[in-house]
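So the structure is just underneath, and the comments pick up after that.
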Amino acid sequence: MLFKDIPGLAALKNTLIHSVEANHVAHAQLFHGGVGSANLALAWAYSTYINCEDREEADACGRCASCVKMAKMVHPDIHHIFPTPSAKETILELLPTWRKFLIESPYRSLTDWLEFTGVTGNKQGIIPIKEGHNIIEKISLKAFEAEYKILIIWQPELMNIESANSLLKILEEPPAKTLFILVCNDTNRLLATILSRTQRIVIPSFTDEDTVKYLAEKEGIDTERAKQIAYLSEGNLSKAVTLINYEGEGKHQWFANWMRMTYKPDLATLVKLADEFDAFPKEYQKGMMEYALNIFRDLLLWKNGAEALVRLEGEELTFVQNFSKAVKINAIEQIVNELSQTYYYLERNGRAKILHLDLSLNIARLFKK
């Protein structure tokens, strides 16, 4: 992974490059970004640049022995710590799977990783105490060939207290020429003592333009469809790639028809729509709720005279303009709450048919209230 492979974020890339050139590389850095951001990709590209044997002005060379090994994730001086589905499975056992997962895409979520390992059930992923001990063992050795030993810890917020304390000890007294890069989604779950010992680098979400460019160049998506996906993903590249499989299937048409039937209301059709919704894949069901939340958010902006903040175009914009004349602001706020609650229950495997019909009836009631 090179900096040029990551869409956008030019200013942040320049900052990281300049820190290496100026020899101001902090021994412990926290790359904090949301799910689907470039935090893990940047940690990979940054590590590649640090140990590159022939650095260029704006990136690693991509040709030297170090860069070639980094691209294959087999560099002996770069170590990875990541969540395992259970305490029984070790990082060493999962390392080949991790390499394949990361090489395919470094923008995916913890859920994606657990599914990639073939885990079943409701396992959440943990970094147990034995991996905390492995951290000390890995970085206590001298570097084999690179200038720096680098330990990349993905999702450090999943460390239990014992593992976190093991990390804290080594952060206080790090070995020479050793770097720690913590790749985090939620700093609120990290120990305050770890936060205080790291240099925090905030990774912004991808812009719509960056997402469209990535989808067009890497996934071969046409520009119009890529714009729709970028709008729905809101800077989450993992979500954007997931939505590729569903976004060509008339989501807006289905949603618009659903809203018209709830506004009438047409109870017989609402029952049929609940059956259709129940047959959708789980991710599509959640995506529909997110899509509805986005539409009603823009509907609320339009009703409040903030048209400049509405990012919709084409049929979706026309729908918002027309629907805004028939729906009151108070109803919109309550509908958003209903949609959020339905999304919550879908995530917890509630029966989609019942949830959707109940939601439809509640929205119909709010339309008429």
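Is it fair to say A41 is more than 23 Å from P174 (Cβ to Cβ), among the small types (G, A, S), in contact with an Asp or Glu (Cβ under 9 Å, 6 or more places away or on another chain) and open to solvent by less than 10 Å² (accessible area, probe 1.4 Å)?
Against the criterion (more than 23 Å from P174 (Cβ to Cβ), among the small types (G, A, S), in contact with an Asp or Glu (Cβ under 9 Å, 6 or more places away or on another chain) and open to solvent by less than 10 Å² (accessible area, probe 1.4 Å)), A41 qualifies.
Would you please list the contacts, defined by Cβ atoms under 6 Å and residues six or more apart or on different chains, that run from a residue in the range 61-79 that is free of Cβ contacts under 8 Å to residues at least 12 places away in the same chain to a residue that is in a loop (DSSP other than H, G, I, E, B) and crowded, with 19+ Cβ neighbours inside 10 Å?
C61/C52; K69/H75
Residue check, F31 against (1) more than 22 Å from E217 (Cα to Cα); (2) of a type in the set (A, V, I, L, M, F, W, C); (3) without any contact (Cβ under 8 Å) to a residue 40 or more places away in the chain, all met but one. Which one?
Condition not satisfied by F31: (3).
Could you list, in sequence order, the residues of the range 90-116 that are outside any helix (DSSP H, G or I) and basic (K, R)?
R108
Restricting to the range 1-17, name every residue that is open to solvent by 20 Å² or more (accessible area, probe 1.4 Å) and farther than 18 Å from A216 by Cα.
M1, L2, A10, A11, L12, K13, N14, T15, listed by residue number.
Read through the list (1) open to solvent by 10 Å² or more (accessible area, probe 1.4 Å); (2) within 18 Å of the chain's Cα centre (by Cα), then give the number of the only condition that S86 fails.
Unmet for S86, out of (1) open to solvent by 10 Å² or more (accessible area, probe 1.4 Å); (2) within 18 Å of the chain's Cα centre (by Cα): (2).
Can you report the number of residues in the range 174-209 which are more than 23 Å from Q155 (Cβ to Cβ) and in contact (Cβ under 8 Å) with a residue 60 or more places away in the chain?
Residues flagged as more than 23 Å from Q155 (Cβ to Cβ) and in contact (Cβ under 8 Å) with a residue 60 or more places away in the chain within the range 174-209 amount to 3.
Can you name every residue in the range 191-206 that is farther than 21 Å from W44 by Cβ and not in a helix (DSSP H, G or I)?
L191, S196, R197
So L195 passes all but one of these: (1) exposed (fewer than 15 other Cβ atoms within 10 Å of the Cβ); (2) closer than 29 Å to N236 by Cβ. Which condition number does it fail?
In the conditions (1) exposed (fewer than 15 other Cβ atoms within 10 Å of the Cβ); (2) closer than 29 Å to N236 by Cβ, L195 misses (1) alone.
Conditions (1) over 29 Å from L195 (Cα atoms); (2) aliphatic (A, V, I, L, M), marked per residue:
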site	(1), (2)
F3	no, no
G8	no, no
K13	no, no
I17	no, yes
S37	no, no
Y49	no, no
A65	yes, yes
P76	no, no
I103	no, yes
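The values are calculated or read from the model by the stated rules, or taken from the named source; none is laboratory data. Because the structure is a prediction, the values reported are computed rather than measured. Glycine also receives a Cβ, built like all others from the backbone with ideal geometry; neighbour counts cover every protein chain displayed. For the accessible areas, the whole protein counts, side chains as well, though only heavy atoms, and no ligand, DNA or RNA atoms are used. Shrake-Rupley method; radii C 1.70, N 1.55, O 1.52, S 1.80 Å.
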